[in-house]
1. Dipole magnitude of the stretch 107-227 about its Cα centre, charges +1 at Lys/Arg Cβ and -1 at Asp/Glu Cβ only, in debye to the nearest 20?
2. Just to confirm my numbers, what's the Cα centroid distance between the stretch 109-150 and the stretch 6-30 in Å?
3. Using the charge dipole of the chain (Lys, Arg: +1 at Cβ; Asp, Glu: -1 at Cβ; taken about the Cα centre), state which of Pro204, Ala312, Met48 has its Cα farthest towards the positive end.
4. To the nearest 0.05, what FRET efficiency results for Glu292 and Gln313 with a Förster distance of 45 Å applied to their C-beta separation?
5. Can you work out the FRET efficiency for the pair Gln257 and His191, with r the C-beta to C-beta distance and R0 = 22 Å, to the nearest 0.05?
6. For the stretch 176-294, list log₁₀ I(q)/I(0) at each q in 0.11, 0.14 Å⁻¹, using the Debye formula over Cα point scatterers of equal strength and ignoring solvent, two decimals each.
7. Given Cα pairs under 8 Å that are at least 6 residues apart, what percent is the relative contact order of the chain?
8. Work through the residues other than Glu221 whose Cβ is under 12 Å from its Cβ and net out their charges, Lys, Arg +1 and Asp, Glu -1.
Amino acid sequence: MKFFVTGVNGQLGHDVMNELHKRGHQGVGSDIAEAYAGVADGSAVTTMPYVGLDITDKEAVKKVITEINPDAVIHCAAWTAVDMAEDDDKVEKVRAVNAGGTQNIADACKEIDCKMLYLSTDYVFDGQGTEPWKPDCKAYKPLNVYGQTKLEGEQAVANTLEKYFIVRIAWVFGLNGKNFIKTMINVGKTHEEVRVVNDQIGTPTYTFDLARLLVDMCETEKYGYYHATNSEVTDESAGCKTGYISWYDFCCEFYKQYGLKTRVIPVTTEEYGLSKATRPVNSRLDKNKLVEKGFQPLPTWQDAVSRYLKEAQL
């Protein structure tokens, strides 16, 4: 198959391109920069075909996608700076990227009749309660600009296309770019203690594992809404935290695996402060639909952390 992938200078796009190469698919990557500007790790993505593209430019999007004529587009590009998105002078730009850019891509996909996979977020919900959000739940109530514009992107895809996958993820980490693990390990190396919130609950997503699932999906016609994060441990005899976790639990685990002795202090979101955007306390995503549709779930998040730390060499 031939794929067009947006956002390849980010964590997920980088891994999607490498997964396509691994499987023998054709992959053309794109991002806002004129040339590939992700991590120079010598992996396949660094030498695969690349097109500089501003997804907010409707005509440019149409031209590029029409000329490439892919079988599927995996749309990873997005404005993801959640707090900055709240600034009055940024809102229009965030909406242009997350909603308008997605609409441009959906329109181009419709024109050439190709599949589209759009990455979304648990932030489209209100983040309240303790029940895991189901992928086909329509009780949308975003708490912040990022969530609202990602929801508008979802609606652009669903209202334009029939051949689409909308995949919601959370707490993303990967080799290419910034993430919570990298940040906290760097902080942990220079501090005796760190404060981490323990009242926001969910599970993390390793982009290496997610990329495999996204390509699996695009090789099928099993369209619709899905949730995909790394799996929770359910067997208490495993000797580690079971079920959904907090950011505090997450940090404790990767500090332990990394060998950091830094003390981790659990605090509430209110005690932590600092955040401009309202964050959901319930980021639990129900992933049962993956199994129901015959897809292989992602490995446990503890296993993902272990593999990531070996790869990242932080």
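1. With only Lys, Arg, Asp and Glu charged at Cβ, the dipole is about 260 debye.
2. Using only Cα atoms to place each centre, the spacing works out to 23 Å.
3. Positive-most Cα among the choices belongs to Ala312.
4. Here the calculated transfer efficiency is 0.75.
5. That pair, Gln257 with His191, gives E of 0.75.
6. Reported log10 I(q)/I(0), two decimals: -0.47, -0.73.
7. Averaging sequence separation for qualifying contacts and normalising by length gives 19 percent for the chain.
8. Net charge around Glu221: +1.
The values are calculated or read from the model by the stated rules, or taken from the named source; none is laboratory data. Computed from a predicted model, the values in this text were never measured in an experiment. Heads up, the Cβs are rebuilt from the backbone with ideal geometry, glycines too, and the neighbour counts pull from every protein chain shown. Just so you know, the surface numbers come from the protein's heavy atoms only, side chains and all, with ligands and any DNA or RNA stripped out. Shrake-Rupley method; radii C 1.70, N 1.55, O 1.52, S 1.80 Å.
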